[in-house]
Amino acid sequence: MKLIDSLLERNSARGLIEPFPDSNEMKKIYQAALRAPDHAKLKPARFIQITGQGLNKLSSVFYDFAKNELMIKDESVLQKYKDAPFRAPMIIILVTKHQEHPKVPLIEQKLSTAASAQNILLALESYGYAGIWRTGKFSFNNKLLKYLNLDDNNTILGYLYVGTRDGDKKKISNYSVDEFVSVWE
Ligand SMILES: Cc1cc2nc3c(=O)[nH]c(=O)nc-3n(C[C@H](O)[C@H](O)[C@H](O)COP(=O)(O)O)c2cc1C
């Protein structure tokens, strides 16, 4: 399939099940992620890949963080967070590792990580897999860093839920490009 057709066909899965990409496929997928635009080649994107028992670990992290830092007491809400990581067989945590740079502010480093995330979603589709990008209460919160053994030079940008599409592919939305584009000529 031509790249333009893949771009036009990409969408998020409704749900995700096994199988997920093997280690050789993931190596290629991360290479694609590292091809994202990156001012001054700082390579700010980091990825924490979680499968198997790792999902139980992440589940405990979400539970402890929600209880201790978000001060949530309602057990049904805590249970929802505890269950969240099991919505896919693989999760990739998107992290930006900041560096001080005279020409590259933090926002650019985060934008580069976001571009890496989109490359991952596209690369997943090229192998026949799918993903869902999620954020919510477990993103952009520095208090979560210590639960993931990350230091203060990091930002958690979000989570890519990864696997095989469960059920039909969602219909691709068709937008009228003219609403979004102005042309100067
Ligand atoms: C930065 C970012 C954060 C998102 N966070 C969530 C989220 O927490 N929960 C959710 O259901 N969708 C979230 N989405 C949206 C989905 O990933 C998805 O893009 C959206 O449902 C549209 O579907 P599509 O990708 O098939 O067009 C987020 C998207 C982005 C770019």
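Across region 38-62, what is the number of residues that are assigned to a helix (DSSP H, G or I) and either surrounded by 19 or more Cβ atoms within 10 Å (Cβ to Cβ) or in contact (Cβ under 8 Å) with a residue 60 or more places away in the chain (or both)? If you could, list the steps in order and put the result at the bottom.
Filtering region 38-62 for residues assigned to a helix (DSSP H, G or I) gives 39-41, 53-62.
Among the residues that remain, those that are also either surrounded by 19 or more Cβ atoms within 10 Å (Cβ to Cβ) or in contact (Cβ under 8 Å) with a residue 60 or more places away in the chain (or both) are: 39-40, 58, 61-62.
Summing the residues that are assigned to a helix (DSSP H, G or I) and either surrounded by 19 or more Cβ atoms within 10 Å (Cβ to Cβ) or in contact (Cβ under 8 Å) with a residue 60 or more places away in the chain (or both) in region 38-62 gives 5.
Output the residues belonging to region 2-37 that are within 16 Å of the ligand (Cβ to nearest atom), of a type in the set (Gly, Ala, Ser) and either under 18 Å from the mean Cα position of the chain (by Cα) or buried (at least 16 other Cβ atoms within 10 Å of the Cβ) (or both).
Residues satisfying the conditions are Ser12, Ala13, Gly15, Ala33, Ala36.
Can you tell me which of (1) farther than 18 Å from Asn142 by Cβ; (2) in a loop (DSSP other than H, G, I, E, B); (3) in contact with a Leu (Cβ under 6 Å, 6 or more places away or on another chain) is the one Gln99 doesn't meet?
Result: Gln99 fails condition (1) only.
Does Gly128 count as over 14 Å from Ala45 (Cβ atoms), out of contact with any helix residue (DSSP H, G or I) (no Cβ under 9 Å at 6 or more places or on another chain) and modelled with pLDDT under 95? Steps first, answer last, please.
Values: over 14 Å from Ala45 (Cβ atoms): yes; out of contact with any helix residue (DSSP H, G or I) (no Cβ under 9 Å at 6 or more places or on another chain): yes; modelled with pLDDT under 95: no.
For Gly128, the condition - over 14 Å from Ala45 (Cβ atoms), out of contact with any helix residue (DSSP H, G or I) (no Cβ under 9 Å at 6 or more places or on another chain) and modelled with pLDDT under 95 - is not met.
Filter region 123-159 down to the residues that are crowded, with 17+ Cβ neighbours inside 10 Å, within 15 Å of the chain's Cα centre (by Cα) and in a helix (DSSP H, G or I), then identify the one that is nearest to the ligand (Cβ to nearest atom).
The extreme case among them is Phe138.
Cβ-Cβ distance below 8 Å, separation of 6 or more or different chains: which pairs start in region 1-27 with a residue that is of a type outside the set (S, T, N, Q) and end on one that is more than 16 Å from the ligand (Cβ to nearest atom) and modelled with pLDDT under 95?
Glu9/Met1
Failed condition for Lys169, given (1) of a type in the set (D, E, K, R); (2) within 24 Å of Asp38 (Cβ to Cβ); (3) within 14 Å of the ligand (Cβ to nearest atom), with all others met?
(2)
The values are calculated or read from the model by the stated rules, or taken from the named source; none is laboratory data. From a predicted model like this one, the values you see are computed outputs, not experimental measurements. Positions of Cβ are backbone-derived with ideal geometry, glycine not excepted, and every protein chain shown enters the neighbour counts.
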